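A.B. asks: Here's a structure for you.
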Amino acid sequence: VFLFILTLFSLAAVKLSSSMSKKAMIPIQRTFKHQQQFLADASHELRTPLSIMNASLDVIELENEDTITPYSKEVVTDMKEEIGRMTRMVQHLLLLARSDAGSAEFEMGSFDIVPKLRQWVLAFEGVAQKKSIALRMMLPGSLIVKGDQERLKQLVYILLDNAIKYTPEEGKVDVGLDPNPKQWRIIVRDSGIGIAEADQPRIFDRFYRVEKHRNREEGSAGLGLAIAKQIVIAHRGSVVLESAPGKGSTFSVEFRV
Ligand code: ADP
């Protein structure tokens, strides 16, 4: 009888605590959902003033083309660069917030990735040249893939931006495409500073940066790879990182779509 009563008590206690935790979870979950939605809305709203500011600066530059002093021209260029950086950061936040809220939209379509990849890599020619980095491509003739073109571009931009940022002058950055149609891969390899084994699992976390102070000076926020991860997950892909400090890093992204 004693055991029976004890069992009844413990069952009642379990039921009570589970219903309590259920009740406690609902407002927390609701607050969390609100917070996610707020972040998504705020990021979305921030894009408009940023693009207006950019367009206004274009007008100022154009209207004062003949009279603008070299100093003012430099200021305008700096402002445009900062706006560009902020726009990218807002885009990153927006995608993260939408992924959290389960409302990130991916437009999957079939396209030849080779000419696109060439175009995306060429966009980094100038930055690479500034650091005397040899930027090379090893691409097949064509490869029809299924994916979201804009997001894949964002992914390649993040990997290339990092490869160039974390490679000292005179280094090398190679972009390759392995055309296995069932498991095609984009490979970005650099001869840069590399990533210690202990940091490797963490670099895909939000706001994680290996050398915090140095990167902050360069305006890094530690969001790039977190976004890259979301894009890869949405394409049912995976990332393999091979890296050693002082030797460089290779990011291989494999897709099975
Ligand atoms: P960040 O904006 O700081 O570059 P990311 O999320 O793109 O943010 O990267 C996170 C961190 O991972 C970087 O701060 C850097 O320390 C490290 N990292 C990323 N890519 C490379 C690379 N190609 N070589 C060396 N370190 C890298």
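A.B. asks: Step through the residues of the range 55-70 one at a time and calculate ³J(HN,Hα) from phi using the Karplus curve (6.51 cos²θ - 1.76 cosθ + 1.60, θ = phi - 60°), rounding each to whole Hz and writing x for Gly and Pro.
C.D. replies: So the Karplus estimates, Gly and Pro as x, are 5, 4, 5, 4, 5, 4, 4, 5, 5, 10, 3, 7, 9, 4, 7, x Hz.
A.B. asks: Which order do the peptides 92-100, 108-116 take when ranked by the mean count of other beta-carbon atoms within 10 Å per residue, highest first?
C.D. replies: Answer by packing, highest mean first, reads 92-100, 108-116.
A.B. asks: While we're on this one: Give me, ordered by chain and number, the residues 5 or more places off Ile133 or on other chains with an amide H under 5 Å from its own placed amide H.
C.D. replies: Glu170
A.B. asks: Which of rounded, prolate or oblate describes the range 77-140 when judged by the alpha-carbon gyration tensor and an a/c cut-off of 1.5?
C.D. replies: Taking the square roots of the gyration eigenvalues as a ≥ b ≥ c, the range 77-140 is oblate.
A.B. asks: So for each of 166-172, 248-254 I average, over its residues, the number of other beta carbons within 10 Å; can you give me the resulting order with the highest mean first?
C.D. replies: The packing order, highest mean first, is 248-254, 166-172.
A.B. asks: Under the rule a/c < 1.5 gives rounded, and otherwise a/b versus b/c splits prolate from oblate, where does the range 85-213 land using the Cα gyration tensor?
C.D. replies: Judged from the Cα gyration tensor, the range 85-213 comes out oblate (a/c at least 1.5, b/c at or above a/b).
Since every read-out is calculated from the coordinates, none of them should be taken as a lab result. As the structure is a prediction and not an experimental result, all values here were calculated from the model. Reconstructed Cβ throughout: ideal geometry from the backbone, glycine too, with neighbour counts over all protein chains shown.
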